[in-house]
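Visitor: Below is a structure I'd like to ask you about.
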Amino acid sequence: MGLTMRHALLALLSKEPAHGYELKHAIEAELGELWPPVNVGQIYKTLGRLKADGLVRSADVAQASRPDKRVFELTAAGRDELNAWVDQPAPAVRVKDEFFTKLVLVARAKVVDPLVLIDRQRRAHLRELRSVTDLAATVTGMAARLAVEGAVLHLQADLKWLERCEQAFTNRGDTA
Amino acid sequence: MTLLRAVALHRHFTVGDTVVRAVDGIDLTVEAGEFVSVMGPSGCGKSTLLHLLGGLDRPTSGEIHLDDERVDGLKEAGWARLRRRRIGFVFQAYNLIDDLSVRDNLELPAVLAGASAQQSRARAAELLDQLGIGARADVAPAHLSGGERQRVAIGRALMNRPDLLLADEPTGALDSRATSEVLQILGRLHAGGQAIVLVTHDPRVATLADRLLTVRDGQVVDETRLGGGTASPVLGLGDLLER
């Protein structure tokens with residue numbers, strides 16, 4: 001399971017109760033350099049589901065000259081859910097399934113030369129690597145830097161693997 | 001404007017009874033101010049290609065044109081003159097002179113090209129500053145880190161304001177941090193209009209260029225244009241948050 005919005009909100013609320021806009025700003029502060037602006041509507045929708053599941057509760061707080069603000073906090077069940085998620089290691093990324101499937105099936109069916117497929121995929125990875133390195137020059141936060149570094153390492157590994165694919169399909173000569 | 005044009009370049013070596021086609025029919029054009037990288041595994045012929053382009057080795061057949069001048073038939077002295085004035089070289093192993101200070105390493109090519117001591121000193125000072133090694137000017141290269149040495153080597157290559165900078169695995173001996181520094185410098189030079197041909201096996205280095213050639217077994221097997229696209233803020237990090 002990836003980092004879903006559900007778990008992101010539970011994690012943020014475990015620190016202190018907050019309302020929707022505060023959660024939006026907190027997510028942007030941590031991940032904003034890597035992520036387009038978060039839709040506050042989506043945050044409220046997710047909070048609604050969490051509430052229905054009994055993982056958060058809300059209270060309306062009166063404000064002097066503005067409408068009441070709805071503050072959310074974690075319930076005991078919410079904390080259990082968060083802990084269970086935290087305790088579970090994330091699965092490792094394996095191969096790019098979609099490309100691999102294409103490569104193997106297309107090679108079998110002789111729809112296209114697998115080397116053409118590999119070249120195209122390499123170009124896409126190389127462009128992606130360039131975009132990520134360009135991005136690396138602009139990010140400043142530690143979390144963003146680590147994420148970019150992770151993306152670079154993944155792309156490097158994918159490129160190396162494409163090289164292996166190329167060797168394997170080249171040596172095979174007839175690619176059927 | 002085309003700065004460099006190589007046509008049907010071949011470089012074959014004979015080892016015992018077998019002919020090794022290190023460069024086996026490569027066409028390459030570099031525009032003025034363009035940054036081209038050549039990537040491939042070790043032994044693919046990319047370094048041999050670079051050596052041919054800089055006259056450190058001679059092609060078995062093929063043509064090399066620098067601007068409108070055909071240069072593949074030049075004698076050693078002709079190539080030496082080109083390398084002094086128009087082509088700068090950076091190597092993985094820096095190749096600095098250990099008995100000279102950083103400043104003197106920089107000044108040497110200018111002096112050899114006939115610049116006055118004053119001109120040489122001024123240009124060296126400019127580059128020392130630009131490359132962030134001003135504080136190390138009077139030290140011998142042996143006292144520098146790998147990254148600093150490579151910066152000196154880049155400075156030396158740029159002393160005579162070459163039209164073309166050739167770089168052979170310039171980050172091959174550097175750690176990740178020094179690699180980033182050298183990449184930043186190359187990026188800045190290119191932004192300032194410097195034409196660069198860089199050879200590397202490292203995709204992170206290669207993708208700094210405008211155009212990337214993939215070489216296998218002495219031939220260009222693929223070409224990728226890079227940059228110029230708009231960078232989306234997520235960039236492959238989209239699965240960080242599943243919405």
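Visitor: Please pick out the residue among B:213, B:235 that is outside any loop (DSSP other than H, G, I, E, B) and either of a type in the set (A, V, I, L, M) or at pLDDT below 50 (or both). Spell out the reasoning first.
Guide: On the way: B:235 fails: outside any loop (DSSP other than H, G, I, E, B).
Within the list B:213, B:235, the selection yields B:213.
Visitor: Need the failing condition index for residue A:166 against (1) modelled with pLDDT of 85 or more; (2) of a type outside the set (Phe, Trp, Tyr); (3) under 19 Å from residue B:226 (Cα atoms), just the number.
Guide: (3)
Visitor: Additional query: List every residue pair whose Cβ atoms sit under 6 Å apart, with the two residues 6 or more apart in sequence or on different chains, where the first one lies in segment B:141-158 and is polar (S, T, N, Q) and the second, anywhere, is part of a helix (DSSP H, G or I) and crowded, with 20+ Cβ neighbours inside 10 Å.
Guide: From segment B:141-158, the pairs are B:150/B:182.
Visitor: Something else now. Would you check which residues across segment A:9-24 are more than 14 Å from residue A:46 (Cβ to Cβ) and in contact with a strand residue (DSSP E or B) (Cβ under 7 Å, 6 or more places away or on another chain) and list them?
Guide: A:14, A:17
Visitor: Related question: Can you tell me which condition residue A:65 does not meet? The list is (1) within 14 Å of another protein chain (Cβ to nearest Cβ); (2) in a loop (DSSP other than H, G, I, E, B); (3) free of Cβ contacts under 8 Å to residues at least 40 places away in the same chain, and all the others hold.
Guide: Here residue A:65 clears every test but (1).
Visitor: Can you name the residue in segment B:210-224 that is in contact with a strand residue (DSSP E or B) (Cβ under 7 Å, 6 or more places away or on another chain) and at the interface with chain A (Cβ under 9 Å from one of its Cβ atoms) and, of all such residues, is nearest to residue B:188 (Cα to Cα)?
Guide: Out of the qualifying residues, it is B:212.
Visitor: A follow-up question, please. Output the residues belonging to segment A:86-112 that are part of a loop (DSSP other than H, G, I, E, B), charged (D, E, K, R) and within 14 Å of chain B (Cβ to nearest Cβ). First the steps, then the outcome.
Guide: Residues of segment A:86-112 that are part of a loop (DSSP other than H, G, I, E, B), as a first pass: A:88-96, A:110-112.
Narrowing further to those that are charged (D, E, K, R): A:94, A:96, A:110.
Hits for segment A:86-112 are A:94, A:96.
Visitor: Still on this structure: Filtering segment A:1-21 down to residues that are out of contact with any Asp or Glu (no Cβ under 9 Å at 6 or more places or on another chain) and more than 14 Å from chain B (Cβ to nearest Cβ), which residue is farthest from residue A:136 (Cα to Cα)?
Guide: Filtering segment A:1-21 for residues that are out of contact with any Asp or Glu (no Cβ under 9 Å at 6 or more places or on another chain) and more than 14 Å from chain B (Cβ to nearest Cβ), the one farthest from residue A:136 (Cα to Cα) comes out as A:19.
Visitor: A further question follows. Across segment B:189-209, what is the total count of residues that are more than 11 Å from chain A (Cβ to nearest Cβ) and in contact (Cβ under 8 Å) with a residue 12 or more places away in the chain?
Guide: Within segment B:189-209, the first condition is being more than 11 Å from chain A (Cβ to nearest Cβ), and the residues that meet it are B:189-200.
Narrowing the set further to residues that are in contact (Cβ under 8 Å) with a residue 12 or more places away in the chain leaves B:189-190, B:193-200.
Residues in segment B:189-209 being more than 11 Å from chain A (Cβ to nearest Cβ) and in contact (Cβ under 8 Å) with a residue 12 or more places away in the chain: 10 in total.
Visitor: Now a separate question. What number of residues in segment A:113-136 are within 8 Å of chain B (Cβ to nearest Cβ), farther than 18 Å from residue A:157 by Cα and free of Cβ contacts under 8 Å to residues at least 12 places away in the same chain?
Guide: Residues that pass the stated criteria total 1.
Visitor: Consider segment A:1-34. How many of its residues are assigned to a loop (DSSP other than H, G, I, E, B) and modelled with pLDDT under 90?
Guide: So in segment A:1-34, the residues assigned to a loop (DSSP other than H, G, I, E, B) come out as A:1-3, A:14-17, A:19, A:32-34.
Then drop every residue that is not modelled with pLDDT under 90, which leaves A:1-3, A:32-34.
Summing the residues that are assigned to a loop (DSSP other than H, G, I, E, B) and modelled with pLDDT under 90 in segment A:1-34 gives 6.
Visitor: Can you confirm whether residue A:123 is among the basic types (Lys, Arg) and closer than 19 Å to residue B:202 by Cβ?
Guide: yes
Visitor: Additional query: Pick from segment A:50-96 the residues that are charged (D, E, K, R) and closer than 30 Å to residue A:151 by Cβ: which of them is surrounded by the most Cβ atoms within 10 Å (Cβ to Cβ)? Working first, answer last.
Guide: At the first step, the residues of segment A:50-96 found to be charged (D, E, K, R) are A:51, A:53, A:57, A:60, A:66, A:68-70, A:73, A:79-81, A:87, A:94, A:96.
Next, from what is left, pick out any that are closer than 30 Å to residue A:151 by Cβ: A:81, A:87, A:94, A:96.
Values: A:81: 20, A:87: 7, A:94: 7, A:96: 16.
Across segment A:50-96, the extreme among qualifying residues is A:81.
The values are calculated or read from the model by the stated rules, or taken from the named source; none is laboratory data. Only a predicted model underlies this, so the values are computations on that prediction, with no experimental measurement involved. Neighbour counts are summed over all protein chains in view; Cβ atoms, including those assigned to glycine, are modelled from backbone coordinates with ideal geometry.
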